[in-house]
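The values are calculated or read from the model by the stated rules, or taken from the named source; none is laboratory data. Keep in mind the model is a prediction, meaning the values are calculated, not measured. Neighbour counts are summed over all protein chains in view; Cβ atoms, including those assigned to glycine, are modelled from backbone coordinates with ideal geometry. Remember, those area values only see protein heavy atoms, side chains included, never the ligands or the DNA or RNA. Shrake-Rupley method; radii C 1.70, N 1.55, O 1.52, S 1.80 Å.
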Amino acid sequence: MRRVAAAVVLALLLVTSGCTGLLPGFREDPGDDQLGWEDGYWYDDPLSVTTEDGLNETEREAVVARTMARVEEIRGLEFEQTVPVEVISREEYRERRQSDGTDTPGEPSMYDRWNEQVWEALFLNGEDESIADRFDAVFSESVVGFYSPGRDEIVIVSDSETPTIDRATLAHELVHALQDQHLSLGGSPDTQDTQLAVDGIVEGDANYVEREYGARCRGEWECLERPPSGGGGGTLDGVFLTIFTPYAAGPGLVDDLRERAGGDWSAVNDAYEAFPASTEQVIHPEAYPDEEPVEVRVEDRTRNGWARFDLEQDADTVGEASIYAMLWANGVVPDENRSPYRYDFEASDGWGGDTLVPYRKATDDGEQYGYVWRVEWDTTADAREFHTAYRQVLESRDAREVRDGVYVIDEGSYADAFRVELEGRTVTVVNAPTRADLRDVRTPA
């Protein structure tokens, strides 16, 4: 999975709250810049602005300044410089994505083909749909704001008829600006699991502050009313649930780190020097930082023209969060009035590490694809639970067991052959177009 932008905010994050401040700021300015004061506004100053017809330039500057002061007050970090804020409509946002090539369809690259196998292995995106198109749909519908570190600016995507600023989105994105000025946005981790894990701190921190901001708006602060949302929702499916992991699970890790530090932000700040190594550490904060994922090796046992992709990174690690999303999306996680955003389920708990290797083979009719996925668990009981759950996923896709451990899906976007092996604490899944190809993708030991 290509790293989804660290500063993306999804609409499901937003917390309804607030009332309108009507009075101008009145407290005396300090002699120098102080925490909780920015560009003439203290964090607890009221504002005299109207939001019904949008915000003029003066009003926008006032809203941004006070929001910066409030983010400082919550987060305990001082802005080094003012952050420009632009507000655009969702239609304009979509047009920009198309004009810069982000949303422009084209011939899939080798990386795209490789990544397709990763998401197909999770039964979250079948052979008849591009995962790149799925990502484009998620972000076109769901992004309500982003921070651009290259330009040091924030763009707010407004769904109201008159584009305006949502205070929750602005506060969230201002945290990303603070991270960029003082800490880190996490770089470019090299696996799907570590990408989501790093964002567990980056987005978890921003979402934690956003929630605290909303809580204070319901109590001690006067706040601007939230604009109505006409879009920016996104469809809850397995792909969205995977991408959403940092936003939903990350605040829990941030809260745990603050508790460890007696309520201050020092342990959270330290985490930017030692990011979580896995989504397991985000979902289960007690695992951070000591429970490191194990290295899972997949030795090549291919023949008859099957080979790994010719890429610098030819294997991936999907991790606990993606496994949970697979189980949820395919009906294995029972619906017992529980939120899907808990990411904590018996058949995905106990993850120790995994490696997924996509393979391909050139034929006269084009390329064929397959994969080998090995998952190591903490205990043999954990491995058995996942083994049972994975077979339930196959059954949900109308797979038939043709012999012990070998399954075939005859029709649909996941029509393939599968060999599922349980050995001690390890479950290995081999995928190929046909039963005969299974032995060529991975010859049994």
Checklist entry - free of Cβ contacts under 8 Å to residues at least 60 places away in the same chain and surrounded by fewer than 17 Cβ atoms within 10 Å (Cβ to Cβ): does that describe Ala287? => result no
Checklist outcome for this item: Note: among Asp199, Asp300, Asp205, just one is at pLDDT 95 or above, within 30 Å of Tyr371 (Cβ to Cβ) and under 18 Å from the mean Cα position of the chain (by Cα), namely Asp199
Next on the checklist: Regarding region 278-285, can at least one residue be identified that is assigned to a strand (DSSP E or B), among the charged types (D, E, K, R) and under 27 Å from Val239 (Cβ atoms)?
Outcome noted: no
Checklist outcome for this item: Val333 vs (1) touching a Pro at 6+ places or on another chain (Cβ under 9 Å); (2) within 27 Å of Thr434 (Cα to Cα): all pass except (2)
Checklist entry - In region 394-403, which residues are open to solvent by 10 Å² or more (accessible area, probe 1.4 Å) and either under 14 Å from Thr428 (Cα atoms) or in contact (Cβ under 8 Å) with a residue 24 or more places away in the chain (or both)? => result Ser396, Arg397, Val402
Item to check | Test for Asn269: is it modelled with pLDDT of 95 or more and surrounded by fewer than 21 Cβ atoms within 10 Å (Cβ to Cβ) | outcome: yes
Item to check | Every residue from region 413-445 that is in contact with a helix residue (DSSP H, G or I) (Cβ under 6 Å, 6 or more places away or on another chain), in contact (Cβ under 8 Å) with a residue 60 or more places away in the chain and open to solvent by less than 20 Å² (accessible area, probe 1.4 Å) | outcome: Val430, Ala432
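Checking the conditions here, which among Leu14, Leu22 is open to solvent by 10 Å² or more (accessible area, probe 1.4 Å), at pLDDT below 90, of a type in the set (A, V, I, L, M, F, W, C) and more than 20 Å from Val155 (Cα to Cα)?
Leu22
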Next on the checklist: Among the residues of region 233-272, what is the count of those that are farther than 15 Å from Tyr288 by Cβ, in contact (Cβ under 8 Å) with a residue 12 or more places away in the chain and not in a helix (DSSP H, G or I)?
Outcome noted: 8
Checklist entry - Which ones in region 157-179 are of a type in the set (Gly, Ala, Ser) and not in a helix (DSSP H, G or I)? => result Ser158, Ser160
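Condition check ((1) open to solvent by 30 Å² or more (accessible area, probe 1.4 Å); (2) in a loop (DSSP other than H, G, I, E, B)) across all residues:
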site: Gly331; (1), (2): yes, yes
site: Asp344; (1), (2): yes, yes
site: Arg360; (1), (2): yes, no
site: Gly370; (1), (2): no, no
site: Arg374; (1), (2): yes, no
site: Arg384; (1), (2): yes, no
site: Ala389; (1), (2): no, no
site: Gln392; (1), (2): yes, no
site: Glu411; (1), (2): yes, yes
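Looking only at residues in region 153-196 that are closer than 24 Å to Val118 by Cβ and charged (D, E, K, R), which one is modelled with the highest pLDDT? Walk me through it before giving the result.
So the first thing to find is which residues in region 153-196 are closer than 24 Å to Val118 by Cβ, and the list is 185-196.
From what's left, charged (D, E, K, R): 190, 193.
On the way: Asp190: 94, Asp193: 98.
Among them, the one singled out is Asp193.
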